[in-house]
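Visitor: The structure under discussion is supplied below as C-alpha cells; questions concerning it will follow.
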Amino acid sequence: MTTLPQGSFLSRQDGQLLLEGCDLAGLARTHQTPLFVYSKAAMLQALAAYQRGFAGRSALVCYAMKANSTLAVLQVFAQAGCGFDIVSGGELDRALAAGATPSNIIFSGVGKTRAEMTKALQVGIGCFNVESQAELDVLNGVAVSLGLRAPVSIRVNPNVDAKTHPYISTGLKGNKFGIAHEDVLATYQHAAAQPGLAVKGIDCHIGSQITDTGPYLDAMDRVLDLVAAIEAAGIPLHHIDFGGGLGIDYQGDQPPAADGLWAQLLAKLDARGYGQRQLVIEPGRSLVGNAGVCLTEVLYLKPGEHKNFCIVDAAMNDLPRPAMYEAYHRIEPLQPRSGMAAQTYDVVGPVCESGDWLGRDRELAVAPGDLLAVMSAGAYCMSMASNYNTRGRAAEVLIDNGQARLIRHRESTADQLRLELPLNAKP
Ligand code: LLP
C-alpha cells in the first residue's frame, strides 16, 4: 500500500479508506460512481499555511478558481476571506454567484474579450492582469467608453524556468504569457499615459506544480528589479501579485510548504524595502488538489499478453490529467482485499481512445465491483471534465465538518441535450 497524499485528510480504519472520517465506500454507494469527494477541512488547512506565512503583512489570497470552480468550493474560499483569480467572464459570474467581493477579484489571461472587460469593469473588479500591449489598448478604449478607469497590473514574463511540465510552465520567453522583462518599463510608461487606465501593481506567474524554491526566488528578484525601475520612472505600484503555482504531493513530491516558501520570499522583500507592500497571490492547485479524490468502480479485468487492464467507470473525460500531461495520481482500493495476489494493471476508462488511462503499471489486488480512489483529484479534474463520448460529468460531494453533502448532481443525458437543436425542432 502506498502512502496517502500529504494534506489530504484521508485515513484508513480497519483498512477502509475515510476522508475527514467519512466512509468513502458508503458515499460511492449512495451517489454512485464516478464521484468526486472533497474535504473542506483539507482546503482550509492548505489556506491556513498561506495565512500563517503572511501573518503581520498585507496580503490577499486570490484563489485561482480554474483549479476547481464548483460553486460550493468557491463559497468555502469566499467565506474564508479569499479573493479570486479569474480568467473568463464565466468565472466572473461564478465568483460573484459564490459571494465574492468584486474588489477582491483579479482578472488574468491572455485573451480577454471586450464583453468580458465591460462586465468586469461594471462590477468593479480589483485589477486586470494585462498580458500584452494590444490588450492594454483595448482595455483603455473599453474603460473610456464607459467613463471608467481600469485598474491594471502588467504581467511580467521573467524568463525563469519553473522546472515543471512544459504545458504548465508559463514564465519562459517561449510561452504566450506576460510581457518580456525588457519591454515591461516601456509598457508601464504607455499604460500610465492612458486616460482609461490606472496602474495598480505588477504581476508574475511562472508555472504550475512547482516543487523547487529556486525558480520562485529568481522570479522575485527579477520582479523587484522591475518594481524599482518602474517606481524610479515615477509610476507608483500599490501591489505585487506573485501568482500561484506551488505544487502538491502526487507521487511523493516534496514541494516547500506555503509558509516556508513565503518566509524566504518575504525575507527578499524585506531586504529590498518592499516588505510592507500589499501582496496578492493566486494559488489554485495547492489549495484544493489534495483535498479531493475521485471514486470509481472496477468494471472489468482484462488480462493481456503484454498488459493487464483494469477497466473502471471513470475516464479521461472525468480526469483528463493523465491523458493530457501523463500525470501521476495514486490509485488505491477503498477496501483492500486480503489473501488476493496483486497484479500489475493499467487502470483505464471506457472512452474509445488509447490515451484514456488513469494510471499505468499499478500493483492492485482487485475484482470487478471493487471501488478505487484516484487521489489528488481536487484540482484540474472536475474543472477540466468534458462530455466526450456523451458521458455525463460526475457528481460531487463536499465533506463539511464531517458531514457529507452533495454539491453537484450527476449530469444526465437530458442535461447535455438541453442546448441542442435537432433538425426537426421548430425554429
Ligand atoms: N495564476 C495564473 C495566471 C495561472 O495561469 C494559473 C494556472 C494559476 C494562477 C494557478 O496555478 P496553480 O497554483 O494552480 O498552480 N491544468 C494543469 C494546470 C494548468 C495551470 C494553469 N494556470 C494541470 O492539471 O496540471
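The values are calculated or read from the model by the stated rules, or taken from the named source; none is laboratory data. This one's a predicted model, so the numbers in the text were calculated from it and none came from an experiment. Heads up, the Cβs are rebuilt from the backbone with ideal geometry, glycines too, and the neighbour counts pull from every protein chain shown. With ligands, DNA and RNA removed, areas are computed over all heavy atoms of the protein, side chains included. Shrake-Rupley method; radii C 1.70, N 1.55, O 1.52, S 1.80 Å.
Visitor: With θ set to phi - 60°, apply the Karplus curve 6.51 cos²θ - 1.76 cosθ + 1.60 along the range 145-159 and write out the HN-Hα couplings as whole Hz, x wherever there is a Gly or Pro.
Guide: My calculation for the range 145-159 gives 5, 8, x, 10, 10, 8, x, 10, 10, 9, 7, 8, 9, x, 6 Hz in order.
Visitor: Okay, next question. Obtain the nm distance between the two label points defined at V110 and A341 by a simple spin-label model: each point lies 7 Å from its Cα along the Cα-to-C-beta direction.
Guide: Those two pseudo-labels are separated by 5.2 nm.
Visitor: Could you point to the residue in I281, V130, H181 farthest towards the positive end of the range 108-283's charge dipole, with +1 and -1 charges on the Cβ of Lys/Arg and Asp/Glu respectively?
Guide: V130
Visitor: While we're looking at this one, here's another question. Express in Å², to the nearest 10, the accessible area of M316 obtained by rolling a 1.4 Å probe over the protein heavy atoms while all chains stay in place.
Guide: Looks like 40 Å² after rounding.
Visitor: Springs between alpha-carbon atoms under 10 Å, Gaussian network over the chain: tell me which of R29, R330, R391 tops the mean-square fluctuations.
Guide: R29
Visitor: Probe radius 1.4 Å, ligands and nucleic acids left out: which of T101, T211 has the largest accessible area, and how do the rest follow?
Guide: Output order, biggest surface exposure first: T101, T211.
Visitor: Rank L279, L319, L287 by mean-square fluctuation in a GNM of the chain with C-alpha springs under 10 angstrom and give only the top-ranked residue.
Guide: So, out of L279, L319, L287, the one fluctuating most is L279.
Visitor: Please find the FRET efficiency linking K268 to Y300, where r is the Cβ-Cβ separation and R0 is fixed at 51 Å, and quote it to the nearest 0.05.
Guide: 0.40
Visitor: Angle, helix 214-232 long axis vs. longest principal axis of the chain, Cα atoms, 0 to 90°, nearest 10?
Guide: Result, in degrees: 20.
Visitor: Still on this structure: Grab the Cα-Cα distance for S58 and Y325, subtract it from 0.36 nm times how many residues apart they are, and report the gain in nm with one decimal.
Guide: My answer for the length gained is 92.5 nm.
Visitor: At 1.002 mPa s and 20 °C, plugging the Kirkwood radius over alpha-carbon pairs of the range 108-283 into Stokes-Einstein gives what diffusion coefficient in µm²/s?
Guide: D = 129 µm²/s.
Visitor: If I take all pairs of Cα atoms in the chain, what percentage of them are more than 28 Å from each other?
Guide: The share of Cα pairs beyond 28 Å in the chain comes to 51 percent.
Visitor: What does the extension gain come out to for R360 and D93, with contour length at 0.36 nm per residue minus their alpha carbon separation?
Guide: Taking R360 through D93 to full extension adds about 92.3 nm, to one decimal.
Visitor: Now for a separate question. What is the calculated FRET efficiency for A232 to Q254, with r their C-beta to C-beta distance and R₀ = 30 Å, to the nearest 0.05?
Guide: Computed FRET efficiency for A232 and Q254: 0.15.
Visitor: In percent, how large is the relative contact order of the chain, given Cα pairs closer than 8 Å and 6 or more residues apart?
Guide: Normalised by residue count, the contact order of the chain is 20 percent.
Visitor: Carbon-plus-sulfur fraction of the accessible area of the range 19-129, 1.4 Å probe, in percent?
Guide: The value for the range 19-129 is 50 percent carbon and sulfur by accessible area.
Visitor: Using the beta-carbon distance between R29 and T3 and R0 = 22 Å, what value does 1/(1 + (r/R0)^6) give for FRET efficiency, to the nearest 0.05?
Guide: 0.25
Visitor: Compute the distance in nm between two label points, each set 7 Å from the Cα along the Cα-to-Cβ direction, one at N389 and one at Q133.
Guide: Result for the modelled spin labels: 4.9 nm.
Visitor: So for the range 108-283: antiparallel DSSP bridges make up what percent, rounded to the nearest 5?
Guide: 5 percent
Visitor: In whole percent, and with a 1.4 Å probe on the protein chains, what portion of the accessible area of the range 221-350 is carbon and sulfur?
Guide: Solvent-exposed carbon and sulfur of the range 221-350 make up 49 percent of the total.
Visitor: Ok, one more. Of the DSSP beta bridges with both residues in the chain, give the percent that are antiparallel, rounding to the nearest 5.
Guide: 45 percent
Visitor: Cα centroids of the range 10-81 and the range 218-283: how far apart, whole angstrom?
Guide: After rounding, the separation between the Cα centres reads 25 Å.
Visitor: Per residue, how much accessible surface does the range 108-283 expose to a 1.4 Å probe? Answer in Å², no decimals.
Guide: Here the residues of the range 108-283 average 38 Å² of exposed surface.
Visitor: Give me the number: length gained by fully extending H190 to K426, i.e. 0.36 nm times residue separation minus the C-alpha to C-alpha distance, one decimal in nm.
Guide: Additional length available on full extension: 79.7 nm.
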